[in-house]
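The values are calculated or read from the model by the stated rules, or taken from the named source; none is laboratory data. Computed from a predicted model, the values in this text were never measured in an experiment. Glycine gets a Cβ as well: all are built from the backbone with ideal geometry, and neighbour counts include every protein chain shown. Heads up: the accessible areas ignore ligands, DNA and RNA and are worked out on the full protein's heavy atoms, side chains in. Shrake-Rupley method; radii C 1.70, N 1.55, O 1.52, S 1.80 Å.
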Amino acid sequence: MERIKKYWLVIVMVLFGIAVFYSMFMSRIGVEETAFLYVDADDNGDSAKAKLDALRVDYSKCGFSLMASLGKLDSHMRPGRYLISRDMTTFDLFHCLRSHLTEPLGLVVPTARTVEIMAGKLAGQLMVDSVHVADYFLNDSVMAANGFTKDTLPALFIPNTYEVFWELTPAALMNRLVHEHDVFWNFERKEKARKAGLTPIEVATLASIVDSETANNGEKARIAGLYINRLHKGIPLQSDPTIIFAVGDFSIKRVTGKYLQIDSPYNTYRRKGLPPGPICIPSIVGIDAVLNYEHHDYIYMCAKEDFSGTHNFAVSYAEHSENARRYAEALNRRGIE
């Protein structure tokens with residue numbers, strides 16, 4: 001009888017141990033919905049637990065602490081974006097952090113007015129600080145090593161969504177963007193640029209002007225064709241957005257004579273050819289509009305007087321003058337100076 005009692009006692013203890021082990025390490029965690037734990041460079045096991053609590057993750061704190069201590073989590077945990085889901089166990093959670101099993105994200109590279117603004121938009125999605133991104137990107141040695149200058153750097157960015165890791169460094173981010181730029185500028189696009197008499201950076205520069213002239217994608221190839229006609233004929237581009245860029249006041253709604261005399265390489269009224277670089281980070285639509293520009297004889301355009309965001313195009317100056325008169329009268333009626 002005593003032997004039987006001892007036998008059952010062992011079984012009970014084993015079962016109890018299994019239950020404790022299961023509850024501490026193998027039970028499913030509780031979370032309202034899929035969440036992400038963002039671990040910074042100065043985080044440790046304790047701060048990670050605090051962040052998990054803030055996310056309202058229900059897990060075995062005792063089991064996690066024991067594994068963190070025995071597994072030396074503090075010396076193994078690295079920055080990253082960690083996926084927390086309902087099908088994970090406390091052990092899975094520990095294993096993710098210790099083994100650096102991070103989850104990538106879709107980094108949105110948008111259009112932007114300046115590299116500094118772009119740096120802020122990128123850093124807002126990543127662990128890095130926007131100042132560090134801007135400083136690295138605008139470093140003369142870094143730009144030169146990648147074939148850009150401060151004027152041409154906006155041509156580097158190809159607006160799209162890329163899968164990256166949250167803990168990406170500025171250097172790794174630059175390398176990825178250079179790679180995506182090189183992939184985008186394949187043989188076909190380079191050949192189209194060559195036939196238009198432009199380099200890829202010049203295409204991006206013209207695309208930035210086209211994008212700034214209109215938000216109407218249907219007009220962009222026509223506007224690109226107009227500017228290419230002017231380039232080939234040696235006629236100044238006379239683009240109002242380049243004047244606004246040169247002045248640096250993006251609130252200007254009407255470019256009048258007082259602005260046209262500004263001494264700037266971006267003043268396309270006084271200087272022939274393209275400006276030194278893009279006046280904004282152009283869209284893929286804008287770039288492809290330049291590469292697939294519409295062939296026509298237009299060399300003049302003016303915004304339509306109905307403020308539809310589209311333009312009247314003209315071959316002759318006389319026709320353009322009439323278009324410009326109607327638009328000027330419409331501006332005056334609205335009191336736009």
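Some notes on this structure:
- Verdict on ARG56 being at pLDDT 85 or above, more than 30 Å from VAL178 (Cα to Cα) and touching a helix residue (DSSP H, G or I) at 6+ places or on another chain (Cβ under 7 Å): no
- Residues that are out of contact with any strand residue (DSSP E or B) (no Cβ under 9 Å at 6 or more places or on another chain) and not aliphatic (A, V, I, L, M) within region 64-89 comprise PHE64, SER65, SER69, GLY71, LYS72, ASP74, SER75, HIS76, listed in sequence order.
- Number of residues in region 249-264 that are open to solvent by 50 Å² or more (accessible area, probe 1.4 Å), part of a loop (DSSP other than H, G, I, E, B) and free of Cβ contacts under 8 Å to residues at least 12 places away in the same chain equals 4.
- Residue check, GLU322 acidic (Asp, Glu) and touching a strand residue (DSSP E or B) at 6+ places or on another chain (Cβ under 7 Å): no
- Residues (open to solvent by less than 70 Å² (accessible area, probe 1.4 Å), touching a residue at least 40 places away in the same chain (Cβ under 8 Å) and in contact with a helix residue (DSSP H, G or I) (Cβ under 9 Å, 6 or more places away or on another chain)) located in region 59-84: GLY63, MET67, GLY80, TYR82, LEU83, ILE84
- The listed residues are THR102, THR114, THR90, and the only one of them that is closer than 21 Å to ALA204 by Cα and not hydrophobic (A, V, I, L, M, F, W, C) turns out to be THR114.
- Looking only at region 188-229, residues that are within 24 Å of the chain's Cα centre (by Cα) and part of a loop (DSSP other than H, G, I, E, B) come to 4 in all.
- Residue list for region 225-247, filter: farther than 15 Å from CYS280 by Cβ, surrounded by 18 or more Cβ atoms within 10 Å (Cβ to Cβ) and aliphatic (A, V, I, L, M): LEU226, ILE228, LEU231, LEU237
- Some residue of region 202-222 being at pLDDT below 95, farther than 30 Å from ASP40 by Cα, of a type in the set (A, V, I, L, M) and open to solvent by 10 Å² or more (accessible area, probe 1.4 Å): yes
- Residues that are open to solvent by less than 40 Å² (accessible area, probe 1.4 Å), within 19 Å of SER65 (Cα to Cα) and hydroxyl-bearing (Ser, Thr, Tyr) within region 85-101 comprise THR89, THR90, listed in sequence order.
- Count of region 288-333 residues which are of a type in the set (Lys, Arg) and either exposed (fewer than 11 other Cβ atoms within 10 Å of the Cβ) or without any contact (Cβ under 8 Å) to a residue 12 or more places away in the chain (or both): 2
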